[in-house]
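Read-outs throughout are calculated quantities, based only on the coordinates presented, and are distinct from any laboratory measurement. Keep in mind that this is a model prediction, so the values were computed, not measured. All Cβ positions, glycine included, derive from the backbone under ideal geometry; neighbour counts span all protein chains shown.
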Amino acid sequence: MKLTFTASIMLLGGTLAFAQIPQVDSWMLNTTGATASYDYYPGPPPTTSIVNLTDSADILTICTDDNYVYIRANGLASYHMGPWEMNPNVPAADLHTYRFPLAPQEETGTKTPQPEVGALGIAVNGVQLYGIGDARSYKASTNENAGDGDGIWYADAWVSEGATMDAGGNGHADGMSTYHYHANPSALYTDPSTEHSPIIGWAFDGFPIYGPFGYANPMDASSPVVRMESGYELRTMSDRTTLPDGSTSTPPGPSDFTTFPLGTYQQDYEFTDAGTLDEYNGRFCITPDFPSGIYCYFLSTDGSGDPDFPYLTGFEYYGEASLSEIGPMSGNVTIPSGTCGSDLSIEEDKAEFLSVYPNPVINQLNFDGISSGTYKIFDQLGREVLNGVVEEAYAVNISALTPGTYVIQIQSEEKKYFSRFIKE
């Protein structure tokens, strides 16, 4: 699927400009029709072969209502992904719709745990952000990490899977071909840096996730930019009979630190408050995007720029998060009718490109080669603003439209054609 369309101005409550909302303008919206690609090894490295997908990369659609920003994405990066060995675990398009609260709130009651499986949030390029774990835990009866483990000592995904991450962005695909990040989406920020890191993603509680650099004084933008430091440290222990909270592990984890070195498991760490970040891997601070301050998560890295536990967020969300929208359930949101338009079918696989002229246009939009069908025109927010029947003159009168960017979709027989145009 190749179509993307953008929105440049939107009012929330009639007062707030679209471009002034970090929850909206931080996303990497695909405005060029760029499609995804990856490399694989058809034989022994270093020889690689390129796979060019027909599916759009980055963000397809952005829109908002009074409470949420909604995004649609295939979960594919626009940089060249890979290489990997050719197996089922290579990227494929997986179109989902997500939502994030425009006014996130601290969870003052029981905190929502980070999902053990699936996404905890979405990167600004639409790729899913996975959590600390790899869905395996230690299984005492077989002395291995397994999907049906004891559920006490959970494996750290970066430790167990980091070697399979690609060079372009430190992501990889799971068994369902969902490309994702666990710890270090390196294409989305600069390291080292003397400037505050950009937003690299959003957690599902609505709070931003920044790269590893922030202001030394959390409330002073004139203070030096420094690397944020995790508040978690490896525990000092000779066995795994006790969990970080002091409770007894029954059964215990592996005491063989050669096969299972310290750092293999999430429970090998404890929060000591020794860094700049709290137990959720964030802090309340000002940023270039939020000069008045907001709670922010930060990607935690060590002095060399390598990922540092717990990577993206802590074991729990700081803010209010819906269990029905995280982990394996993420991306199941339905956009309210009229928010992004009643018809999002212009993103379907059957869509084909259409040549229209003149472009920009004032009153009459012309096209060639389509003798019958119906048309719909969508505004910058994906809302249907005009429709009708294709006439023999192969033209549409668009004089009633206000100046701006639009997408025309023409349904002819079994195919959908589309093109972007500018109304002057």
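Numerical summary
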item	result
Per-residue HN-Hα couplings for region 248-260 [Karplus 6.51, -1.76, 1.60; θ = phi - 60°; Hz; x = Gly/Pro]	7, 8, 10, x, x, x, x, 8, 7, 7, 7, 6, 10
Pairwise label distance in nanometres, ALA34 with SER193, each label 7 Å out on the Cα-Cβ vector	1.7
Net length gained if the chain between GLN364 and GLU391 were fully extended (0.36 nm per residue, minus Cα distance)	8.5 nm
SER223-THR374 pseudo-label distance in nm [points 7 Å out on the Cα-to-Cβ vector]	6.0
Inter-label distance, nm, simple model (7 Å from Cα along the C-beta direction), ALA216/THR241	4.6
Anisotropy class of region 31-124 from Cα gyration tensor, a/c 1.5 cut	oblate
Least to most buried among HIS180, HIS96, HIS80 (fewest other Cβ within 10 Å first)	HIS80, HIS96, HIS180
DSSP-defined antiparallel bridges as percent of all bridges, region 18-325, nearest 5	85
Förster radius 35 Å - calculated FRET efficiency between GLU316 and ALA103, Cβ distance, rounded to 0.05	0.95
Close Lys-Lys pairs in the chain, where close means Cα under 26 Å and separation is 8 or more or interchain	13
Label zone at SER292 (point 7 Å along Cα-to-Cβ), backbone N below 20 Å, region 222-238	222
Region 37-70-region 166-227 distance, computed between alpha-carbon centres (Å)	19
Under-5 Å amide H pairs with ARG136, H placed in peptide plane, nonlocal only	ALA155
For ALA36, distant residues with modelled amide H under 5 Å away	LEU53, ASP55, ALA57
Stretchable slack from THR54 to ILE21, in nm (0.36 nm times residue separation minus alpha-carbon distance)	8.8 nm
Vicinal HN-Hα couplings computed from phi for region 195-202 (Karplus, 6.51 cos²θ - 1.76 cosθ + 1.60; Hz; Gly/Pro x)	10, 4, 5, x, 5, 9, x, 9
Percentage relative contact order, the chain, counting C-alpha pairs under 8 Å, at least six apart	14
3J(HN,Hα) from dihedral phi, region 104-111, Karplus parametrisation 6.51/-1.76/1.60, rounded to Hz, x for glycine, proline	x, 10, 5, 7, 8, x, 6, 6
Distance cut-off 33 Å, percentage of C-alpha pairs in the chain lying past it	40
MRE, 222 nm, helices only [DSSP H, n ≥ 4, -39500 (n - 2.57), over the chain, to nearest 500]	-500 deg cm²/dmol
Full-stretch length increase - ASP65, LEU234 - with 0.36 nm per residue and alpha-carbon distance subtracted	56.5 nm
